[in-house]
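The values are calculated or read from the model by the stated rules, or taken from the named source; none is laboratory data. Everything quoted here is computed from the prediction, not taken from an experiment. Neighbour counts are summed over all protein chains in view; Cβ atoms, including those assigned to glycine, are modelled from backbone coordinates with ideal geometry. Protein only, heavy atoms only, side chains kept; ligands, DNA and RNA dropped before computing areas. Shrake-Rupley method; radii C 1.70, N 1.55, O 1.52, S 1.80 Å.
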Number of protein chains: 6
Amino acid sequence: MAERKSALVISAHAADFVWRCGGAIALHQARGYDVTVVCLSYGERGESARLWKDGKTLGEVKSIRRKEAEAAAKALNVHDIQFFDLGDYPLVVDQDSKMRLVDVLRSVQPRFMLCHSKYDPYNTDHMYATEVALEVRMIAQAWGHNPGEQVLGAPQLYLFEPHQTEQMGWKPDTLLDITEVWDQKRAAIECMEGQQHLWDYYTNVAENRGNQFRRNSGGQAGGRPARFAEAFQSVFPRTVDEL
Amino acid sequence: MAERKSALVISAHAADFVWRCGGAIALHQARGYDVTVVCLSYGERGESARLWKDGKTLGEVKSIRRKEAEAAAKALNVHDIQFFDLGDYPLVVDQDSKMRLVDVLRSVQPRFMLCHSKYDPYNTDHMYATEVALEVRMIAQAWGHNPGEQVLGAPQLYLFEPHQTEQMGWKPDTLLDITEVWDQKRAAIECMEGQQHLWDYYTNVAENRGNQFRRNSGGQAGGRPARFAEAFQSVFPRTVDEL
Amino acid sequence: MAERKSALVISAHAADFVWRCGGAIALHQARGYDVTVVCLSYGERGESARLWKDGKTLGEVKSIRRKEAEAAAKALNVHDIQFFDLGDYPLVVDQDSKMRLVDVLRSVQPRFMLCHSKYDPYNTDHMYATEVALEVRMIAQAWGHNPGEQVLGAPQLYLFEPHQTEQMGWKPDTLLDITEVWDQKRAAIECMEGQQHLWDYYTNVAENRGNQFRRNSGGQAGGRPARFAEAFQSVFPRTVDEL
Amino acid sequence: MAERKSALVISAHAADFVWRCGGAIALHQARGYDVTVVCLSYGERGESARLWKDGKTLGEVKSIRRKEAEAAAKALNVHDIQFFDLGDYPLVVDQDSKMRLVDVLRSVQPRFMLCHSKYDPYNTDHMYATEVALEVRMIAQAWGHNPGEQVLGAPQLYLFEPHQTEQMGWKPDTLLDITEVWDQKRAAIECMEGQQHLWDYYTNVAENRGNQFRRNSGGQAGGRPARFAEAFQSVFPRTVDEL
Amino acid sequence: MAERKSALVISAHAADFVWRCGGAIALHQARGYDVTVVCLSYGERGESARLWKDGKTLGEVKSIRRKEAEAAAKALNVHDIQFFDLGDYPLVVDQDSKMRLVDVLRSVQPRFMLCHSKYDPYNTDHMYATEVALEVRMIAQAWGHNPGEQVLGAPQLYLFEPHQTEQMGWKPDTLLDITEVWDQKRAAIECMEGQQHLWDYYTNVAENRGNQFRRNSGGQAGGRPARFAEAFQSVFPRTVDEL
Amino acid sequence: MAERKSALVISAHAADFVWRCGGAIALHQARGYDVTVVCLSYGERGESARLWKDGKTLGEVKSIRRKEAEAAAKALNVHDIQFFDLGDYPLVVDQDSKMRLVDVLRSVQPRFMLCHSKYDPYNTDHMYATEVALEVRMIAQAWGHNPGEQVLGAPQLYLFEPHQTEQMGWKPDTLLDITEVWDQKRAAIECMEGQQHLWDYYTNVAENRGNQFRRNSGGQAGGRPARFAEAFQSVFPRTVDEL
């Protein structure tokens, strides 16, 4: 089991993982990783405006959102997607759900984690999810939490791209070339039928991050011709053998 | 020429490259890099207190400082060390010297550069050197500067560790394991006879950065047993294929 | 009902709205707005020292504070003032009270909201109130929260002036000329009998913000002769037709 | 002369005003402003890679860049464009050129100014231009500088959008709807023949800022349907009569 | 009782007070202070890896950790040490425990308090402890909290040194010479048998802070020859009679 | 000479030392310090609007400003005031003037220095003066600068209060009680006849800083009844024997 590399995405709402790190997911699956996605809620109340306008019930909204997320996960070749169904707007993660998330962390043993920006005045669920991610990462590292289980190492926590990045104080330090999996990401995006106003937005983001990738990898002086990229902010320092 | 990888260190004073990135230099030399060091000044006025107390003249101080730096460079197996002799306290880099530095940049074509922190209220030479480093990097990238020459790509600029890191607003994001070259770094440090009060200081720093390396690479859960490390802050985002 | 413009003030303690945005309230009432003030607590324990020194009971303190706040609200011509009576030092807003606040937001449909600074190490109730304000704003915008109700748009959240502004990391970006309603604000201030040590303090603040208004509107080169002003920090970007 | 409103753009290189505030220029011209653009350099060395690759001489590059900028200015209906021809990579503004810029400021008497972000590690010309902008604004306000001339008031300085916004620490607080002049901006962009790799980049930026405009003006709850927008960061607080 | 000066340390886990402010404790005891230490938890789950590896039970771990902390407190001559035993990883301080902490604050009436850094992504217990410290300080100052008791004045809150200072955004503004009590601090450190990997780490820290003390007190120009120091960040401004 | 303590104020324009640290000057003179003030310019062009409006010539303006500054210095009992007459708007300190300032620093051997905030978008002379202050402090500390002279120790650099503090990113960490010398400060303020619009402004500031002093020294719980105070931001950490 330990032989395959793994990664874990914690998504406050069902669709966040698609816009914000769909490329990273598909790419790492292609690179031999098993990527697990935990959706803490369906985003049923706050991110499903079109469905409510259409008169759907809460149960219907959740069911539709789940299906969309599962379809997107399939398009991205996600290894495992779990729905915690904790409610949104506001998201509340109680002590039991935190422990459940710790269990996932220990079971997955991710090389890296992905979650939201540290600050988001538009969407307090997002920053709350990241607070929880840091807390459960700490608990999963504790030798005295469920002694005998394999403790968690020290996976990087990458903060994926929020909407309106500058308002969040989010500054990316890592650009990932997702050109080879772009079609998968776009296919996953198109599973989100209730949020069509964001399809082109995140396509624009991917193209522009691609431009930035080229500029930072050497630009017109011979840099790599990435066409699409995703950007991430690291929480922890990297440990390396070569700069 | 392009076959060997290369790196460039810009050091405000003759000894800075030893304390702050001597390990990185020795390690990358061992990894097949050619590392060039440019000392903008000898640190003759501001960082040679013992020599002045001993009654040395300016010429003598510069000569001694040069010899110490050369000896340290040798201990670190530096590929090339250049002394610009621009004066210190304050360091002033005029337009011609900037162009000379651009020439070095284009000639070396470094994969990465190393320089001081962005801010240093104790030592304005340090932050000024980094301002200059950014300016010459930009000029070296310009197709219209000495057209026909090979332009510079987009090398990372790593800011090496300042004294009293927190006062400089410096936050490392990269920890480099220098255990295998520690003996070389310590030997280089001991070439700096006029600053013995710093030998143990930077040995302590290297040990503690080693501890931090272990913590960030997995700690007691199986992280790598680095004993000595150096820390760096990146100015630009990384471009990667895998997180 | 939608024809009159409206605004909403969320005040952690009963007197905060007076010192910090009394001028804005009176001015917008005069401009045709209906301004609603929600006092989450009376500030009975933490901001009523004189009353406790006089031997008043908890019930008496709350009653006196309420009367003072009502008198101040009247002086400012407040459209509606609501007391949530949630307790102070510490203020705790439970889930039901958050939902009650969401109801107010949806009912008022404010063009803008006013609340405390993001950070306040002296008074954790203040920063907590702003956390809650962001959370309830988000909930009120959700189409799936009490479907069928009119959802909230995207009102600006202005952070009004804290005590010791620099300690709070608060930076105003908006100066409001309150000269024409200054007498009302001073009258409201004088309703706060238990905090006379602050009367002159906030009068000084208003005069000095007036000076800053003049400097930023053109100074001696022809700026507007505002004598009293209030300052605010915006959380969200403005959307405009003209710079 | 004082009857028409005016604005001033300070552009480090000849093309910057197009990508970064072309919409604001065209829009304010349409709103009755006279917008003056000062290009401190042609960006001849650092931002004309294609021309140098084609073997053009310095004189030719400058001439071509000037023509492109003039064509773009025409597309945007710029009132006046001035070329200071101070050289780029690095840009150096000597004392005489600063005084020339002060003269422009006093002559134009802008209601607001536009310039680059405060920080730009990729392009030190950009941040240097903004340092100069603040310095000349101060000088133009001095009653003792060329006594007898009309001194400058206190125009806002808006920092227009840099490339890779997050790396610059740039945070917009103002979103301007440029939908009605988008065609003009795109036409101006297409005048920049040497930088076609940026055409789509800044079209994407404008579309995404349009999305952000809608979100901040009320989103699906009835916000204005802006399709294209530009974003700006204010240096100074606003002075207002109404929040 | 008011005649002896006092100080209060709030330690998230049983050992934190040793590494982070053991010198300050011993020194102030020697200066005539009564220093009280509150350990909110034993750090039993998260900071006792060796004990768990040895197969100890929860009760045994807590007992061992308590004994170690008591021994360290004795080495430092701590006036009073209290164990709240609230659990760790995560630490949770409920309303009753907060009130118990308020009681301690009022009883001790400290001249200054010591607690963790404001931010710690590795260890959310640490930053949570500081949130609680600010909250209980505020409550203890309220005249209406348990009226009749002596309210708390305005003690400084010093944030003691975290691990990996730069990652925490912690910037020290106060360096304390602990040379005269270093032997006591080292003895206390050696009581922490389960964390031997930190003994040398914090010895290095103390030596290097000593170097920084010398540099900031006048360096080679006649500064005081401190050999060991501890560093602190103040939350509140100081009130002084002389700069 | 070394027996009396000393301090040094570096004032960009002739009046700055009055508004921003007049109380600190008078107080330290009363405490046995010799306080030297260096005015880099008279503020003749940029801070003498009224005189220019009255038709004064440059020579007259400088003469009047000098007399006002001398009168204020006398009211504050300044030990020595020196006018460098380097021009303002913009202030330019050439290499020779820097060396002259180094000579003053070494001659005065101040226990602490006072200068402007690090950032000031309204007045680039102010932030430039502080850049220069840090540079000359560094040079004065160099054993190789004019060898044989007494080098400077490590005096604190306090940044005194700017206008519109929050816009400057200035955060005070030290409040100084100036109640006993307030009359002197007010008298000095009234020497600045050309800037009467600032008299009350800085009186308000002093009163409100007094309020903040009381709050931070214990408030209603027994803090010291300071009525007037000045606030300062420290650049360097303090070195202490007791917290």
Report summary line: On each of the three principal axes the extent of the alpha-carbon atoms of segment C:9-88, given in whole Å and largest first, is 42, 20, 17
Query - Across the identical copies, how the E:Gly87 labels are spaced - nm, sorted shortest first, 7 Å along Cα→Cβ - result: 2.1, 2.1, 6.8, 6.9, 7.1
Query raised in the report: Over chain B, what relative contact order in percent results from Cα pairs under 8 Å that are six or more residues apart?
Result: 23 percent
**Report entry** Rg/Rg_ref, segment D:136-243, where Rg_ref = 2.2 N^0.38 Å and atoms are Cα
**Finding:** 1.37
Report task. Could you pull the accessible area for C:Trp199 with a 1.4 Å probe, rounded to 10 Å²? Result -> 40 Å²
Requested in this report: Enter the per residue convex hull volume of segment B:43-112, computed from alpha-carbon coordinates, in Å³ rounded to the nearest integer.
Outcome: 108 Å³
Query raised in the report: Under the Kirkwood approximation applied to all pairs of distinct alpha-carbon atoms, what is the hydrodynamic radius of segment A:84-182 in Å?
Result: 14.9 Å
Query raised in the report: Dipole magnitude of the protein assembly as shown about its Cα centre, charges +1 at Lys/Arg Cβ and -1 at Asp/Glu Cβ only, in debye to the nearest 20?
Result: 0 debye
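Keeping all protein chains in place and using 1.4 angstrom, which order do D:Arg214, E:Arg238 fall into by accessible surface area, from largest down?
Descending order: D:Arg214, E:Arg238.
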Report summary line: On protein heavy atoms with a 1.4 Å probe, the accessible surface that disappears when F meets E, both sides summed and given to 100 Å², is 3200 Å²
Query - Within straight-line cross-link reach of F:Lys5, lysines at Cα separation under 20 Å, skipping those fewer than 8 residues along the same chain - result: F:Lys74
Report task. Give the cross-link partners of E:Lys56 among the lysines, using a straight C-alpha distance below 22 Å as the criterion and excluding same-chain residues fewer than 8 apart. Result -> E:Lys67
Query raised in the report: Which distances, shortest first and in nm, link B:Glu149 to the matching position in the other copies, using label points set 7 Å out along Cα to C-beta?
Result: 3.8, 3.8, 5.9, 6.7, 7.2
Query raised in the report: Taking the Cβ of C:Thr130 as the center, what net charge do the other residues with Cβ under 11 Å away carry, scoring Lys and Arg +1 and Asp and Glu -1?
Result: -2
Report task. Please work out the C-alpha center-to-center distance from segment A:166-243 to segment E:53-69 and express it in whole Å. Result -> 48 Å
Query raised in the report: If you place +1 on the Cβ of every Lys and Arg and -1 on the Cβ of every Asp and Glu, how big does the dipole about the Cα centre of segment E:99-243 come out, in debye to the nearest 20?
Result: 320 debye
Report task. Go through F:Lys53, E:Lys98, F:Lys118 and list them by solvent-accessible area, largest first, probe radius 1.4 Å. Result -> F:Lys53, F:Lys118, E:Lys98
Query raised in the report: Closest to the B-onto-E rotation axis, which residue of chain B has its Cβ, and how many Å off the axis is it?
Result: B:Asn204, 2
Query raised in the report: Which distances in nm, rounded to one decimal and ordered from shortest, link the label point of B:Gly169 to the equivalent label points in the other identical copies, with labels set 7 Å from Cα toward Cβ?
Result: 0.4, 0.4, 1.4, 1.4, 1.4
Query raised in the report: Summing Lys, Arg as +1 and Asp, Glu as -1, what charge do residues with Cβ under 9 Å from the Cβ of E:Cys191 carry, E:Cys191 excluded?
Result: -2
**Report entry** Estimated dipole of chain A in Debye, rounded to 20 [Cβ of Lys and Arg +1, of Asp and Glu -1, Cα centre]
**Finding:** 400 debye
Report task. Taking every pair of alpha-carbon atoms in segment D:6-233, give the share separated by more than 23 Å as a whole percent. Result -> 47 percent
Report summary line: Looking at segment D:185-228, residues buried by 40 Å² or more relative to their chain on its own, accessible surface at probe 1.4 Å, turn out to be D:His197, D:Tyr201, D:Asn204, D:Asn208, D:Asn211, D:Gln212, D:Arg215, D:Asn216, D:Gln220, D:Ala221
Query raised in the report: Hey, which of these cross-link pairs are over 21 Å Cα-Cα: A:Lys98/A:Lys185; D:Lys98/F:Lys62; C:Lys171/F:Lys171; B:Lys171/E:Lys118; A:Lys118/E:Lys118?
Result: A:Lys98/A:Lys185; D:Lys98/F:Lys62
**Report entry** A:Glu70 - accessible surface, heavy atoms, 1.4 Å probe, Å² rounded to 10
**Finding:** 70 Å²
Report summary line: At R0 = 45 Å the Cβ-Cβ FRET efficiency linking B:Ser97 and E:Arg224, nearest 0.05, sits at 0.70
Query raised in the report: Ignoring ligands, DNA and RNA, what accessible area per residue does the protein assembly as shown give at 1.4 Å, in Å²?
Result: 33 Å²
Query raised in the report: Got a number for carbon plus sulfur as a percent of the protein assembly as shown's accessible area, 1.4 Å probe?
Result: 45 percent
Report task. With a 1.4 Å probe on protein heavy atoms only, tell me which residues of segment C:143-165 lose at least 20 Å² of accessible surface in the complex relative to the chain by itself. Result -> C:Trp143, C:Gly144, C:Pro147, C:Gly153, C:Ala154, C:Tyr158, C:His163, C:Gln164
Query raised in the report: Using a 1.4 angstrom probe on protein heavy atoms only, which residues from segment C:71-109 are buried by at least 40 Å² of accessible area when all chains are present rather than their own chain alone?
Result: C:Tyr89, C:Pro90
Report summary line: Per 10 angstrom bin, beginning at 0 and ending with the bin that holds the maximum distance, the Cα pairs of segment C:177-217 fall in percents of 29, 50, 18, 3
Query raised in the report: Got a sec? What order do E:His163, F:His79 fall in by accessible area at 1.4 Å, biggest, i.e. largest, first?
Result: F:His79, E:His163
Requested in this report: Ignoring everything but the protein chains, give the 1.4 Å probe accessible area of C:Met168 in square angstrom, nearest 10.
Outcome: 10 Å²
Query raised in the report: Please state the equivalent ellipsoid semi-axes for the protein assembly as shown: what are the square roots of 5 times the Cα gyration tensor eigenvalues, largest first, in whole Å?
Result: 41, 40, 40
Query raised in the report: Taking every DSSP beta bridge that has both residues in chain E, what percent is antiparallel when rounded to the nearest 5?
Result: 25 percent
